[in-house]
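The structure appears below as structure tokens.
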Amino acid sequence: MRVGVDIGGTFTDAVSVDDDGRIRTAKVLTTPRRLHDGVLEALEQLEVDWGALDSITHGTTAGLNAFLERRGARVALLTTRGFRDVYELGRANRPDMYNVKYRQPTPLVPRRWIFEIDERTSADGSSLIEPDEDTVRILGRRLAAEFDAVAICFLHSYANPDHEQRVAEVLADVASGLAVVCSHEIAPEWREYERTSTTVIAAYVAPIVQNYLAELEQEVSDRGLRGPLRVMQSNGGVMMAAMARRKAIQTLFSGPVGGTIACVAVAEDLRDEVDVSRLICIDMGGTSFDVSLVVDGEADVELESELERHPVLSPTVAIHTIGAGGGSVGHVSAGGLRVGPRSAGAEPGPACYGTGGLEPTVTDANLRLGRLPSVARLAGGMALEAGAATAALNAVGETLGLDADELATGIVAVADATMANAIREITVLRGIDPRSFALVAFGGAGPLHATALADELEIDTVIVPGDPGVLSAYGMLHADIRHDVVQSFYVGVAEVEPATLEATLAELAERARLLAKEDGVDERAIDLEPSADLRYVGQEYTVTLPLGTDEPTEQMLADLPQRFAEAHEVRYGHSNPAEDVEFVNLRMAARGSLQRPSAVDLPTGAAGEPVAVERTWFEDSWWETPVHRREALPATAAIDGPAVVLEDACTTLVPPSWTATVSARGHLVLRRS
């Protein structure tokens, strides 16, 4: 048996899969003050046999929550003398040009906590000024008394990390309690501000993630886990918890990424039944709404991302997140109805949970409109209190002159519009037509809103995977071990010597291979994937291309400018084949395949009788709506809307103009009728 666990803002989800492909799920309320308590409660609800448990794969929000809530470590930043202000100055560009209230992001490290070191490395990696170890020792004793972590980011350390390594060794000797994070280990790339920002964020969350994972490892070990505890990475791979404690920044987006990886597996299941070459993946939980893309069976990965306008140089599955979930609060602002981004979360939760919430949320609105039927039970058995939801809706509705039904309709409409705009952010604003995609909806609330979003975006097909309420946890069981390494390599494609390129790639391959071996991957099972960041001479940003290993290096270099021009055309809509192309970085990904859950085909048949018939609001009238239990629907079963498909962790809404069909492996395929 293997288990995947995902912590969300409202619920913690767990999935177990045995060797025969049998799946069990659990959903419990998240415990924000002690996250691992919710994890352990979910594992207890699964009734796992600890002696038969091979591994646990975990997506943690410990680091991300610490960053978002600004409760990370006290961090000191060590930098080269003369470059103390790089971090605070940042970039001069204004992403929101016409916003007169725009402010640069507030640094995580104030200027008084930035310390200059007398050292210098040139751009070619040669040492110009050696750091004085005695001075570092004196500083280290002070840092140990005042800080929790130290970020070290010296000029040009991506070309030669020797100075950073030596300073880190001295600090480890005199201040062993400090978490020390070096830029050459986190982001060995050019562009000083982005590299500094990434290193600071890594140091800011490192003690939080280290302590959390150490506590969780101890708890599961005490209960009998003898296999590994793995952690989902932002890049779509997994790593051992021991490695994650050293690379805390790789865990920032580990929860949402699990859902995207699961969508890759869903596409594989459906490839003979539905066009799944292009997928928009939406995960609507209790607190947030996450959007990502899967194209030709691969998740869309970005090499640089932003976290509240702080740049992060780390491979990350491209996910756009907004504060829109089942717990998003409907409130009045400037005389109008607003929904989110504030969420009721797990404490106190939506009003209908009966746990002390008094404000109306999206979940309360769905319950009032019959989209969540009265027979629904959340988190393994939580009954919903319709009276509490109505009271919360009336309290806000009076301010706007609306009754409970009108306010509930408005809350759902505002939430749908907000989510549709989030999908446009990751598609239309990048030149991508969403109408050519299928929409994959999951999370506890995603399938409730999926068809409304599809109507808004003119998408004809919606897919609701099996066990959609816990899909992110399930996706973690489909991920492989993965490690990415990068090396600055600044040279023109026409000028590079093939032997130099081969030697650098060989060095990267060895670094990546060692990381994979340290994570328990047999050397014979490691797959290496080289790539390069390229740009036209004079450009600021790059396009990343895979480097073929099946052809001679000379031929690969000869073909590279044309391949780059074609990729540039696709990405930006134009290219200049006559312009010189240059390398900026070389990259290497090392993958180690893990056993995936076995696929199980359902028996075929027709849909049986509904378990209930309830009133549901669609468009401008109430409809008598059959309610079906999902586990009772066999493969090939078809349901015409209006209908509600109910399961323990999720509810799927099928409007009057849609039909739903069950695929061979249990996924619901909704099409506009």
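The values are calculated or read from the model by the stated rules, or taken from the named source; none is laboratory data. This structure is a prediction, so every number in the text was calculated from the model and none was measured. Because the Cβ atoms are built from the backbone with ideal geometry, glycine has one as well, and the counts that use them run over all protein chains shown. Protein only, heavy atoms only, side chains kept; ligands, DNA and RNA dropped before computing areas. Shrake-Rupley method; radii C 1.70, N 1.55, O 1.52, S 1.80 Å.
At a 1.4 Å probe, what is the % contribution of carbon and sulfur to the accessible area of the stretch 508-613?
Carbon-and-sulfur percentage of accessible area, whole number: 48.
Could you give the accessible area per residue of the stretch 543-637, probe 1.4 Å, as a whole number in Å²?
Per residue, the stretch 543-637 has 57 Å² of solvent-accessible surface.
Note down the magnitude of the dipole of the chain about its Cα centre, charges +1 on Lys and Arg C-beta and -1 on Asp and Glu C-beta and zero elsewhere, to the nearest 20 debye.
Working: 58 positive and 101 negative charges, 357 e Å.
My answer is approximately 1720 debye.
Write down the accessible area per residue of the stretch 243-329 in Å², having rolled a 1.4 Å probe over the full set of protein chains.
31 Å²
In units of 2.2 N^0.38 Å, what is the alpha-carbon radius of gyration of the stretch 266-348?
Relative to the 2.2 N^0.38 Å estimate, the stretch 266-348 comes out at 1.42.
Give me the one-decimal nm value for the distance between modelled label points at ALA578 and SER122, 7 Å along each residue's Cα-to-Cβ direction.
3.7 nm
For ASP416, tell me the accessible area in Å² from a 1.4 Å probe, rounded to the nearest 10.
20 Å²
Cα gyration tensor of the stretch 354-394, axes a ≥ b ≥ c as square roots of the eigenvalues: rounded (a/c below 1.5), prolate (a/b > b/c) or oblate?
Since a/c reaches 1.5 but b/c is at least a/b, the shape of the stretch 354-394 is classed as oblate.
Just how much of ARG672 is accessible, in Å², when a 1.4 Å probe is used and the result is rounded to the nearest 10?
ARG672 has an accessible surface of roughly 80 Å² with all protein chains in place.
Nearest 0.05, what FRET efficiency do ALA242 and ASP405 give at R0 = 56 Å with Cβ-Cβ as r?
FRET efficiency, ALA242 to ASP405: 0.55.
What does the convex hull of the Cα atoms come to per residue for the stretch 14-64, in Å³?
86 Å³
Quick check: residue separation of GLU507 and ASN99 times 0.36 nm, minus the Cα distance between them. What number comes out in nm?
142.2 nm
Counting heavy atoms of the protein chains only and a 1.4 Å probe, report the per residue accessible area for the stretch 1-136 as a whole number of Å². Each step should come with its number before you reach the end.
Details: 6830 Å² over 136 residues.
Spelled out: the 1.4 Å probe surface of the stretch 1-136, per residue, equals 50 Å².
Taking 7 Å along the Cα-to-C-beta vector as the label spot, tell me the THR106-ARG223 distance in nanometres, rounded to one decimal.
3.7 nm
Which GluC sites (Glu not before Pro) does the stretch 1-76 hold that lie in a coil by DSSP with at most 14 other beta carbons within 10 Å?
Listed in order of number, the matching sites are GLU47, GLU69.
With the full set of protein chains in place, find how many percent of the accessible area of the stretch 346-489 is carbon and sulfur; take the probe as 1.4 Å.
Result for the stretch 346-489: 49 percent of the exposed heavy-atom area is carbon or sulfur.
Using a Förster radius of 56 Å, what is the FRET efficiency between ARG74 and SER277 based on their Cβ-Cβ separation? Nearest 0.05, please.
The formula returns an efficiency of 0.70 here.
Placing unit charges on C-beta atoms (Lys and Arg positive, Asp and Glu negative, everything else neutral), compute the dipole magnitude of the stretch 66-178 about its Cα centre in debye, rounded to 20.
840 debye
Can you tell me what percent of all Cα-Cα pairs in the stretch 307-449 are more than 23 Å apart? Mind dumping the intermediate values first?
Details: 4053 of 10153 pairs.
Every Cα pair in the stretch 307-449 considered, those over 23 Å come to 40 percent.
Which is farthest toward the positive dipole end of the chain among ALA92, SER333, VAL375, measuring Cα position about the Cα centre, with Cβ charges +1 (Lys, Arg) and -1 (Asp, Glu)?
Checked the options; the winner is SER333.
Select from the chain the helices, each a whole stretch of DSSP H, whose alpha-carbon atoms run 24 Å or more along the helix axis and whose Kyte-Doolittle mean is at least -1.0; answer none if there are none. If you can, show how the numbers build up before the last one.
Numbers: long enough: 192-222 (44 Å, -0.15); 254-270 (25 Å, 1.03); 404-426 (34 Å, 0.71); 498-518 (30 Å, 0.00); 553-572 (28 Å, -0.75).
Qualifying helices, which must be both long enough and hydrophobic enough, are 192-222, 254-270, 404-426, 498-518, 553-572.
Starting from the eigenvalues of the Cα gyration tensor, five times each then square-rooted, give me the equivalent ellipsoid semi-axes of the chain, largest first, whole Å.
In descending order the semi-axes read 44, 28, 26 Å.
Take the Cα of ARG338, step 7 Å along the line toward its Cβ, and report every residue of the stretch 286-300 whose backbone nitrogen sits under 19 Å from that point.
287-289
Share of antiparallel DSSP beta bridges in the chain, in percent to the nearest 5?
Roughly 75 percent of the beta bridges in the chain run antiparallel, per DSSP.
May I ask you to give the percent of accessible area on the stretch 119-257 that is carbon plus sulfur, with a probe radius of 1.4 Å?
45 percent
With all protein chains present, calculate the accessible area of ASP19 using a 1.4 Å probe and round the result to the nearest 10 Å².
100 Å²
Any chance you could run the full-extension gain for VAL537 through ALA92? It's 0.36 nm times the residue separation minus the Cα-Cα distance, nm to one decimal.
Working: separation 445, 0.36 × 445 = 160.20 nm, distance 2.18 nm.
Extra length available between VAL537 and ALA92 comes to 158.0 nm.
Can you find, among THR451, PHE67, LEU515, the residue farthest towards the positive end of the dipole of the chain? Put +1 on the C-beta of Lys and Arg, -1 on that of Asp and Glu.
PHE67
Please compute the modelled spin-label separation between GLU569 and THR500, points set 7 Å along Cα→Cβ, answer in nm with one decimal.
Here the answer is 3.0 nm between the modelled labels.
Order ASP433, ASP283, most accessible first, counting only protein heavy atoms with a 1.4 angstrom probe.
Solvent-accessible surface, decreasing: ASP433, ASP283.
P(r) for the stretch 2-139: what percent of alpha-carbon pairs falls in each 10 Å bin, starting at zero?
9, 23, 19, 18, 19, 11, 0
Of ALA262, THR652, GLY492, whose Cα points farthest to the positive end of the dipole of the chain (charges on the beta-carbon: +1 Lys, Arg; -1 Asp, Glu; origin at the Cα centre)?
THR652
Can you list the chymotrypsin sites (Phe, Trp or Tyr not before Pro) in the stretch 87-170 that are in a DSSP coil and have 15 or fewer other beta carbons within 10 angstrom?
Within the stretch 87-170, the qualifying chymotrypsin sites (Phe, Trp or Tyr not before Pro) (loop, at most 15 other Cβ atoms within 10 Å) are TYR98, TYR102.
Give me the dipole magnitude in Debye, nearest 20, for the stretch 486-622 about the Cα centre, with unit charges on the beta carbon: positive for Lys and Arg, negative for Asp and Glu.
The dipole magnitude comes to about 360 debye.
Calculate the FRET efficiency for ARG671 and GLU398 from the Cβ-Cβ distance with a Förster distance of 56 Å, rounded to the nearest 0.05.
Using R0 = 56 Å, I get an efficiency of 0.85.
So what's the back-of-envelope 222 nm ellipticity for the chain, counting only DSSP H runs of four-plus at -39500 (n - 2.57) apiece and dividing by all residues, rounded to 500? Before the final figure, lay out the partial values.
Numbers: 16 runs with 211 residues, N = 673.
Value at 222 nm, helices only, nearest 500: -10000 deg cm²/dmol.
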